[in-house]
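The values are calculated or read from the model by the stated rules, or taken from the named source; none is laboratory data. Just so you know, these numbers come straight off a predicted model, no measurement behind them. Don't worry about glycine lacking a Cβ; one is built from the backbone with ideal geometry, like all the others, and counts go over all protein chains shown.
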Protein chains: 2
Amino acid sequence: MKEKELRRSLAVLPIGTVMKLTNLSARQIRYYEEQDLITPERNAGNRRMFSLNDVDRLLEIKDYLADGINMAGIKELYALQQQRAEQKQADLAKPLTDRDVRRILQDEFLNLGRLQSDKGPNYPAH
Amino acid sequence: MKEKELRRSLAVLPIGTVMKLTNLSARQIRYYEEQDLITPERNAGNRRMFSLNDVDRLLEIKDYLADGINMAGIKELYALQQQRAEQKQADLAKPLTDRDVRRILQDEFLNLGRLQSDKGPNYPAH
DNA sequence: AAAAACGTGTGATATTTTCTAACATGATTG
DNA sequence: CAATCATGTTAGAAAATATCACACGTTTTT
């Protein structure tokens, strides 16, 4: 699935194509960029070049706008989404620190203790 | 798989993008079109617009040329390939005519007859 | 060998596309 | 009502692309 993501993020489309694909005006597309909702690349001649991901996002933006959400709201949505993605990435990167390991082990011992002693008559099932 | 094919045949790329993607010069790309090896679409302003399939084909053409096949040869290859695709399509469209059915049945009967009589000592195995 | 055909590079010129920047505008919103 | 939002429109400049013609080194034909 890595190759596909690469393809989808390749900046190969000029604004004219994106206009047709999204039914947005050049003005709208540039404005959304100004609002940091998308960040198309630039080629050597300063022309904006868009990826399929950009097109997807523009279509999303259209939907959000149709739902009455304004630019600021959409930007906020993407910021949150971005944060969550980063967190997930970080979690994957270093799955367990030493502290995590110690904490987890300690928890297990605590549970062990609880299971073998201290079982009163109303000890919760399982 | 129909949606994917649609995407791959969408003419969305300008020649500049295709040049980068294929490492071919504009001259080469236009010449290959002149030789009917590709047929990019044109937008309202007469600019060539290419699909991902076009890019694939251009890369193929590059390979063929590197292998020493000339334009005419490549054109022939594609013509044959095209013919086979059409035939396959036709076969799928009307899988069996009445005549086919009768012929196939007759073949089976013939084979039956051969199996049950006429088996000499050297009858081929299977 | 001379001539012709191939595949490509290059240059000139015209047209189209895209860029930025500015001003305009109807619809909210404070 | 004044300000902000989201978009349209226009102007002028730069970039990308189109066609056409000529050049040129390599095969292929005659």
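Take the residues in region B:21-67 that are within 13 Å of DNA strand C (Cβ to nearest atom) and acidic (Asp, Glu), then tell me which one is surrounded by the most Cβ atoms within 10 Å (Cβ to Cβ).
In this case the residue turns out to be B:GLU33.
Could you grab me the full set of residues in region A:9-19 that are within 12 Å of DNA strand D (Cβ to nearest atom) and surrounded by fewer than 20 Cβ atoms within 10 Å (Cβ to Cβ)?
Start the filter on region A:9-19 by keeping residues that are within 12 Å of DNA strand D (Cβ to nearest atom), which leaves A:12-17, A:19.
Once the filter is applied, which keeps residues that are within 12 Å of DNA strand D (Cβ to nearest atom) and surrounded by fewer than 20 Cβ atoms within 10 Å (Cβ to Cβ), region A:9-19 yields A:ILE15, A:GLY16, A:MET19.
For region A:20-61, how many residues are within 10 Å of DNA strand D (Cβ to nearest atom) and either hydrophobic (A, V, I, L, M, F, W, C) or modelled with pLDDT under 95 (or both)?
Counting residues in region A:20-61 that are within 10 Å of DNA strand D (Cβ to nearest atom) and either hydrophobic (A, V, I, L, M, F, W, C) or modelled with pLDDT under 95 (or both) gives 7.
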